[in-house]
Amino acid sequence: MDYKTRTKIAVILIEDRVAVDSDVIILGWVRTIRVSKNVAFVEVNDGSCMKNIQGVIEQPENLPVLDKITTGASVRMQGRLVASQGKGQKYEIEVKSLLLVGEADTSYPIQTKRHSFEFLREIAHLRPRTNTFGAVNRVRSKIAYAIHKFYQDKGFYYIHTPLISASDCEGAGDLFHITTFDLDNIPRKDGQIDWHEDFFGDETYLTVSGQLEGELLATALGDIYTFGPTFRAENSNTSRHASEFWMIEPEMAWAELDDNMDLAEEFLKYLFRFALEECADDMEFFGRWVDKELHRTLEGVITAEFERCSYTEAITLLEKAKQKFEFPVKWGVDMQSEHERYLTEKIFKKPVILYDYPEEIKSFYMRVNDDGRTVRAMDVLVPKVGEIIGGSQREERYDVLKARMEKKGIKNLDNYYWYLDIRRWGSVPHAGFGLGFDRALMYITGMANIRDVTPFPRVPNWAKF
RNA sequence: UCCCCUGUAGCUCAGUCGGUAGAGCAGCUGACUGUUAAUCAGCGGGUCGCUGGUUCGAGCCCAGCCGGGGGAGCCA
């Protein structure tokens, strides 16, 4: 059987680059088949696009293999591309040859009907063959590409920060330990675990962020971005949290908070527009079946000028609001998602960038304002989700940073000598932010659960496949 | 981790007052059809999440455990 020659369905149905009457070979999986005495229809999908192509067989009795061709089977279909006689598709294939490559018996779990996302999660090895998950994975790939294109076109360098980290205080959540110790026989010294005996001669973790290393590269290359996996051992059981997820973290030298805001706004708009323009077919599917408001929501972000509002102003606005909140509002408290969503959905009705948060509720590395009470942090809030980006201008003054780290109770400051060193020699103002890739994808596709935009999600109690 | 909901056929679900189970879809067989969530007829299909308790009798009531969903917190 010849697998080398084939025409992808997207080339026929999306790009419309194949002339009628051409001979084509399709390699793909049968989505559904209808056989009757005088005519049979086989719908094949090859993953190149949302759409199936329909093969028409005029004399089914001459093709006994049709008995074995069932939903889920892989086939090689050869024939002439013709304008369809039926409704619902522009082209179809007059089948000359139909070969069964891999049969699918009746236990194939994906049926020609709607399945719940919960069920499909349990068969994550097969769900990419469904319409929804085919679309999710295609868009995921395109958006990953768009991220690189956006930054590369701006002259940012893509850097790889380590996934294995020895700093236990990068700021966020619980960490996964990594070790080569025999867990039944862990070396101890004076009652304590003796990490010197471990693989790296030190206690190590999976990283929770590439930011600190990103700063090191930004203060040499100028503008950089990271795009890679991160790991959090938080016992979070929500639709928005995964234990392993991908994050984009740009970092710019010679930049202050307003530059950071400009970049974040431009970046989000670029990604959303890219999805609408480059994934039109898949996006149309999401708009029809997953979230009817999707296009309006994304267009709203693309066309809006993001509101910029200080934390202090936002608190004042929330205090004046008639809305009753579960968590009371008061200067100094961290913003709850109900507050964030009220600001972006009710007060401004568009994306909002909040900035200058109280020093006490934000991380050690954020630049302290002249008032001494606030730091140059920013969160980008969007309707329907709330916070989608978090970032800051970094503290570039050595003494101020060191004092703040001590104040925040960071032990073993010596472990961070390298982070402080870039402030000792040739320090520059710099700023950056983090965007959760999977969360951005949720926003773009309208999918409500992070487990359904990640091909093989890792969450508490689930690391299958 | 906390609060609420939930677990019955391959899938989605119903199951009344406690009397050992039913539908639609899928599958199989046949008929029919330029069909496209095809249609029509027939057939097969169950450790009611697990363990224990109450009861003459438990899918149903009680307890514990396990799984799933939604919300909250933490965050991206």
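By the rule of a C-alpha distance below 23 Å, with chain neighbours fewer than 8 residues away ignored, the lysines paired with residue A:96 are A:4, A:8, A:37, A:51, A:68, A:87. When you work out D = kT/(6 pi eta Rh) for region A:231-272 at 20 °C and 1.002 mPa s, using the Kirkwood radius from C-alpha pairs as Rh and the Stokes-Einstein form, the result is 167 µm²/s.
In region A:140-288, the ratio of gyration radius to Kirkwood radius, Rg to Rh, stands at 1.08 when only Cα atoms are counted. Taking all Cα pairs closer than 8 Å and separated by 6 or more residues, the relative contact order of region A:127-452 comes to 19 percent. Along its three principal directions, the equivalent ellipsoid of region A:324-465 from the Cα gyration tensor extends over semi-axes of 31, 22, 15 Å, largest first. The calculated FRET efficiency for the pair residue A:461 and residue A:428, based on their C-beta separation and a Förster distance of 56 Å, comes to about 0.80. Let me know the shape class of region A:301-380, please: from the alpha-carbon gyration tensor, a ≥ b ≥ c as square roots of the eigenvalues, rounded when a/c is under 1.5, otherwise prolate if a/b is greater than b/c, or oblate. Here region A:301-380 falls in the oblate category.
When the alpha carbon coordinates of region A:1-52 are projected onto the principal axes, the ranges are 33, 24, 22 Å, largest first.
Within straight-line reach of residue A:330, meaning a Cα separation under 17 Å, sit the following lysines at least 8 residues removed in sequence or on another chain: A:320, A:322, A:362. For a paramagnetic label modelled on residue A:5 (point 7 Å from Cα along Cα→Cβ), amide N atoms under 12 Å away belong, within region A:20-58, to A:23-26. You can think of it this way: the chain between residue A:105 and residue A:220 has 35.5 nm of extra reach, that is 0.36 nm per residue less the Cα-Cα gap. Applying a DSSP loop filter and a limit of 14 other Cβ atoms within 10 Å to the chymotrypsin sites (Phe, Trp or Tyr not before Pro) in region A:175-272 leaves A:176, A:199, A:200, A:254. For region A:391-465 versus region A:1-39, the inter-centroid distance based on Cα atoms is 47 Å. Evaluated on chain A, the Kirkwood hydrodynamic radius is 25.4 Å, with distances taken between all distinct Cα atoms. With q set to 0.22 Å⁻¹, the log10 of I(q)/I(0) for region A:9-108, from the Debye formula over equal scatterers at the Cα positions, is -1.17. Computed log10 I(q)/I(0) for region A:189-270 at 0.17, 0.18 Å⁻¹: -0.89, -0.93, from the Debye equation with unit scatterers placed on every C-alpha and solvent omitted.
For chain A, the longest principal axis of the Cα atoms and the long axis of helix A:311-320 meet at an angle of about 80 degrees.
The chymotrypsin sites (Phe, Trp or Tyr not before Pro) of region A:311-371 that DSSP puts in a loop, and whose beta carbon has at most 14 other beta carbons within 10 Å, are A:325, A:331.
Geometric descriptor of region A:421-465, per residue, is 139 Å³ (volume of the convex hull of the Cα atoms). When the Cα positions of A:55, A:179, A:352 are compared along the charge dipole of chain A, A:55 comes out farthest toward the positive end, with charges on each C-beta of Lys, Arg, Asp and Glu.
How far is helix A:257-278 tilted, in degrees, relative to the longest principal axis of the Cα atoms in chain A, given as a value from 0 to 90 rounded to the nearest 10? Roughly 0 degrees, rounded to the nearest 10. Can you give the angle from 0 to 90° between the axis of helix A:211-221 and the longest principal axis of chain A, with both taken from C-alpha atoms, to the nearest 10? It is inclined by approximately 90 degrees.
Taking the Cα atoms of region A:60-156, the ratio Rg/Rh between the radius of gyration and the Kirkwood radius comes to 1.11.
Shape analysis of region A:119-162 places it in the oblate category; the axes a ≥ b ≥ c from the Cα gyration tensor give an a/c of at least 1.5, with a/b not above b/c. Take the Cα coordinates of region A:101-144, assign each an equal point scatterer, and use the Debye formula without solvent to give log10 I(q)/I(0) at q = 0.23 Å⁻¹. Each listed q corresponds, in turn, to -0.86.
Among the trypsin sites (Lys or Arg not before Pro) found in region A:59-163, those both in a DSSP coil and sparsely packed, with 15 or fewer other Cβ atoms within 10 Å of their Cβ, are A:68, A:87, A:90, A:113, A:114, A:154. Remark: region A:127-452 carries a charge dipole of roughly 1080 debye about the Cα centre, counting +1 on each Lys and Arg Cβ and -1 on each Asp and Glu Cβ. Classified by the C-alpha gyration tensor, region A:236-365 has a prolate form. Its axis ratio a/c, with a ≥ b ≥ c, is 1.5 or above, and a/b is larger than b/c. Grab the beta carbon distance between residue A:22 and residue A:118, set R0 = 60 Å, and tell me the FRET efficiency rounded to 0.05. That gives a FRET efficiency of 0.90.
Any read-out appearing in this document is the output of simple, stated calculations on the displayed coordinates, not a laboratory observation. What you see is a predicted model, and the numbers here were worked out from it, not measured in a lab. Cβ: placed from backbone, ideal geometry, glycine included. Neighbour counts: every protein chain shown.
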